[in-house]
Structure formats: C-alpha cells, structure tokens
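S.K.: Following this message is one structure expressed as structure tokens.
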C-alpha cells in the first residue's frame, strides 16, 4: 500500500499538545506515513493577518489529506485588536481557518461518531426501578458542512440593495422601523445537490455498517423552505434503501430524546448548525469533547480533527493534563479513510482497554476541575495516558 503524505496542522493551544500524541500512537501501531508540518491558527492571524496561509492551502491541494488539532477563534473586534500594529487598518478580516478549509475544498461531508466506551465514568446513566443502567450509545452524526448558517452570507447594517431585496418579503415588515446599524442578517442557504450528497452518505454508511435507521433532524414546521428541502430529499433517497428506516425529528425534541433514550439512535443527518448541536449533545453522553472526533470529507481532500477547542488556559500547564483521546480517535478516522481500518481498530481497542481498566484516566474522566493540582489527585498527565494506550497495543 502506498505510504500517504499527511499535512499536519497542530494549530493553537492544546492542539499543539494532542496532535503529537496522536502521531506517537500511529507510529506505535506501525502506521507509516510522511508528515508535512503546516502553519495554521492564531499566531499567523496576528503576524500575517491570515490564520490559514496560502502555503498551507497549497500543501492540502497537493497532498489531499490533513490532520488538524485546534484553533483559537475570537469575535471580529477582539481579533482585529490583536493584529500587529503594521497590519492594523489594512482591511484584514478574521475567518475561522477550519471553516475556511471546509469552504475552499468543499469538505461538505462531516462525520462525527459518538460511541460509548464501557467503563468510562463519564458515560450516560439513568435510574431504573432497580437502580441504574448504562445504555450502550452508538450514534454517528452526518453534518452538512459547508452550507446552512455556516455559508458565511451575513451582514450587520445590510447594504441598501440587500435590504431592499429583503423587504420584498412580507415578513420583513416586522423590521421596517429598525435602523440599519441595529439590524443583523445571517442567511441559511441550502442547495439541493448538497442535501442529496449528505443524506446519501448517511444512508450508505447505515447500510454498510448495519444501522437500522437514519434520523433526519431538522425543523420543517418552522423553517419550512430549507428544512423542508432536507425532508423532501431524505424521503426520495430513503426509497432506495428499503432495509434502512427513515425517521424524522425536530431539533428541539431531539435534544430531549437523546438524554432519555440515546441508544435508540444510530445514524443521524442534519444541516450544519443543527448537526453541530446534536453531535455535541451526544458527545456529552459518551464522555464529552475529550472523546469526540470528526472527519471533514470532500471529493478530493479530507481533514480529520477532534471537535474540542484550543483550551488556551490548559495549554501552558506543564506537564500537560489534557485528554488526547479525541485526537487519537480522529487519527483513527483518518486511517479508515486511507484504507488502514485494521490498524484503526487496534488503536480503538487499545483505547477501550485503558478506559475499561480505569487505572490511567485524564482529569475530565475523574470529574475534576482542570488545573495543575489534578495530578496529585490521581489524574494522569497527557503523556501518561498516551503511554498507557501504546502499552495496550
């Protein structure tokens, strides 16, 4: 099998900590690749006015495969204030580099597995007449990654021609007296081809891995046009998969049901913002963002990442205390993508063994507030947890 080249983008904060730990696990598992480091994140925004430099874009174009850590992101005024003085007033606008990557390379299919590891003290439990039970959770969320509310089409104080166009809609009369500077508009834009692609990907996955249903999670009773389009396409595509049931829930009701009977759900699919919410909700039931990994897959390029942020308050701690498992699981998703699933399965089994044994646990798994004192209270340092996973291999 050809040795792949992987663009390695640690990013900011704890991304610089957990990504090297994932590479240690890959090496210990016998996976061979060429790793090309690439620049991304807040330091490059401050020094260059661009958090995703063109040189990094060029590397992704060339090698088609990326492993990404985490980024720091701040509101536009705060971001602008941190630019070097020489860049101030030059028209630089901060854009999230991961969102920009998704748009540039049309990484429209996002896959977020949320699976419980037996023995994880953070797993969801519920009361029963006889005590408590811990249902097995195996939910995989398919997120349309490039459209919807993340399309980036928005304004504060819309230009006159935009406002004039909006006011042709009768519902805009409710805002007729609102002054321009007091009006903000974000567009939720969907295209039928993108809806079809993410829904078909969800059904293909369900069929391949034996899931009994695909649940479309939208809000068609209120957001009638966009969510309605998703529902219509799901019904059309579902007819091609007679062995996979199509289910439909509203986003608000889904957030209640996932904390009542999460084991009832297998594959779920939704537009960008709704799937982001659902995936974080399910992640909270299987250990939190320390266990949440994500794949961003386009027709040519794919980038894999944990879904947690850069957690800057933990980045400076020495030794590091952060949980590297989400980053390691993201690396496993990358292995699946490049045809190394047996190696990915070995790593996931090693993670499962360490979690089940319960001897080496990160501070979050011990339900401790993060800080330098957690090591004296029994928490494992980042390197210790990685070492235990490597030993379990």
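S.K.: Between 103, 88, which is surrounded by fewer than 16 Cβ atoms within 10 Å (Cβ to Cβ) and modelled with pLDDT under 95? Before the answer, list the steps.
M.R.: On the way: 103 fails: surrounded by fewer than 16 Cβ atoms within 10 Å (Cβ to Cβ).
One residue alone meets the criteria, 88.
S.K.: Sticking with this one: Assess whether residue 178 counts as being more than 23 Å from residue 253 (Cβ to Cβ), more than 23 Å from the chain's Cα centre (by Cα) and not in a helix (DSSP H, G or I).
M.R.: The answer is yes for residue 178.
S.K.: Could I ask something else about it? Keeping to segment 123-145, report how many residues are crowded, with 21+ Cβ neighbours inside 10 Å and either in a strand (DSSP E or B) or out of contact with any strand residue (DSSP E or B) (no Cβ under 9 Å at 6 or more places or on another chain) (or both).
M.R.: Number of matching residues: 6.
S.K.: Being touching a helix residue (DSSP H, G or I) at 6+ places or on another chain (Cβ under 7 Å) and either loosely packed, with under 13 Cβ neighbours inside 10 Å or assigned to a helix (DSSP H, G or I) (or both): is that true of residue 83 here? I'd like the intermediate steps shown before the answer.
M.R.: Details: touching a helix residue (DSSP H, G or I) at 6+ places or on another chain (Cβ under 7 Å): yes; either loosely packed, with under 13 Cβ neighbours inside 10 Å or assigned to a helix (DSSP H, G or I) (or both): no.
No; evaluated as a whole, the condition is false for this residue.
S.K.: Also: Starting from residues that are touching a helix residue (DSSP H, G or I) at 6+ places or on another chain (Cβ under 7 Å) and under 17 Å from residue 32 (Cα atoms), keep the ones in segment 331-350 and report whichever is surrounded by the most Cβ atoms within 10 Å (Cβ to Cβ).
M.R.: Here is the first cut: in segment 331-350, the ones touching a helix residue (DSSP H, G or I) at 6+ places or on another chain (Cβ under 7 Å) are 331-332, 335-336, 341, 343-344, 347-348, 350.
Now drop any that are not under 17 Å from residue 32 (Cα atoms), which leaves 331-332, 335-336, 341, 343-344, 347.
Working: 331: 28, 332: 26, 335: 23, 336: 17, 341: 13, 343: 19, 344: 22, 347: 25.
For segment 331-350, the residue satisfying everything is 331.
S.K.: Another question, if that's okay. Any residue at all in segment 19-27 that's crowded, with 20+ Cβ neighbours inside 10 Å, touching a strand residue (DSSP E or B) at 6+ places or on another chain (Cβ under 6 Å) and within 24 Å of residue 387 (Cα to Cα)?
M.R.: Yes, there is a match, as at least one residue in segment 19-27 is crowded, with 20+ Cβ neighbours inside 10 Å, touching a strand residue (DSSP E or B) at 6+ places or on another chain (Cβ under 6 Å) and within 24 Å of residue 387 (Cα to Cα).
S.K.: Applying the selection to segment 215-229, what residues are surrounded by 15 or more Cβ atoms within 10 Å (Cβ to Cβ) and under 18 Å from residue 277 (Cβ atoms)? Don't jump to the end; show me each part of the working.
M.R.: Pass one, segment 215-229, residues surrounded by 15 or more Cβ atoms within 10 Å (Cβ to Cβ): 215-220, 223, 226-229.
215, 216, 217, 218, 219, 220, 223, 226, 227, listed by residue number.
S.K.: Report, ordered by the first and then the second residue, all pairs with beta carbons closer than 9 Å, sequence separation of six or more or different chains, a first member in segment 138-165 that is more than 22 Å from residue 192 (Cβ to Cβ), and a second member that is buried (at least 22 other Cβ atoms within 10 Å of the Cβ) and modelled with pLDDT under 95.
M.R.: 139/258
S.K.: Take the residues of segment 351-367 that are crowded, with 17+ Cβ neighbours inside 10 Å and without any contact (Cβ under 8 Å) to a residue 60 or more places away in the chain: which is nearest to residue 287 (Cα to Cα)? Working first, answer last.
M.R.: Filtering segment 351-367 down to residues crowded, with 17+ Cβ neighbours inside 10 Å leaves 351-352, 354-355, 360-365.
Still in the running and without any contact (Cβ under 8 Å) to a residue 60 or more places away in the chain: 354, 360, 363.
Numbers: 354: 14, 360: 15, 363: 12 Å.
Only one residue fits best here, namely 363.
S.K.: Given the criteria closer than 30 Å to residue 62 by Cα and more than 23 Å from the chain's Cα centre (by Cα), does residue 342 qualify? Outline the logic, then answer.
M.R.: Working: closer than 30 Å to residue 62 by Cα: yes; more than 23 Å from the chain's Cα centre (by Cα): yes.
Criteria met by residue 342.
S.K.: Pick out the one residue from 311, 275, 292 that is buried (at least 23 other Cβ atoms within 10 Å of the Cβ), in contact with a strand residue (DSSP E or B) (Cβ under 9 Å, 6 or more places away or on another chain) and not assigned by TED's automatic domain parsing to the domain that holds residue 139. Walk me through it before giving the result.
M.R.: Numbers: 311 fails: buried (at least 23 other Cβ atoms within 10 Å of the Cβ); 275 fails: not assigned by TED's automatic domain parsing to the domain that holds residue 139.
Testing whether each residue is buried (at least 23 other Cβ atoms within 10 Å of the Cβ), in contact with a strand residue (DSSP E or B) (Cβ under 9 Å, 6 or more places away or on another chain) and not assigned by TED's automatic domain parsing to the domain that holds residue 139 leaves just 292.
S.K.: Here's a follow-up. Where in segment 186-292 are there strands (runs of 3 or more DSSP E), lying wholly inside it, with at least 2 residues that are over 17 Å from the mean Cα position of the chain (by Cα)?
M.R.: Details: elements: 213-218, 245-250, 267-270.
The strands (runs of 3 or more DSSP E) meeting that bar are 213-218, 245-250.
The values are calculated or read from the model by the stated rules, or taken from the named source; none is laboratory data. Predicted model only: the values in this text are computed from it and were never measured. Ideal geometry is used to build each Cβ from the backbone, glycine not excepted, and the neighbour counts take in all protein chains shown.
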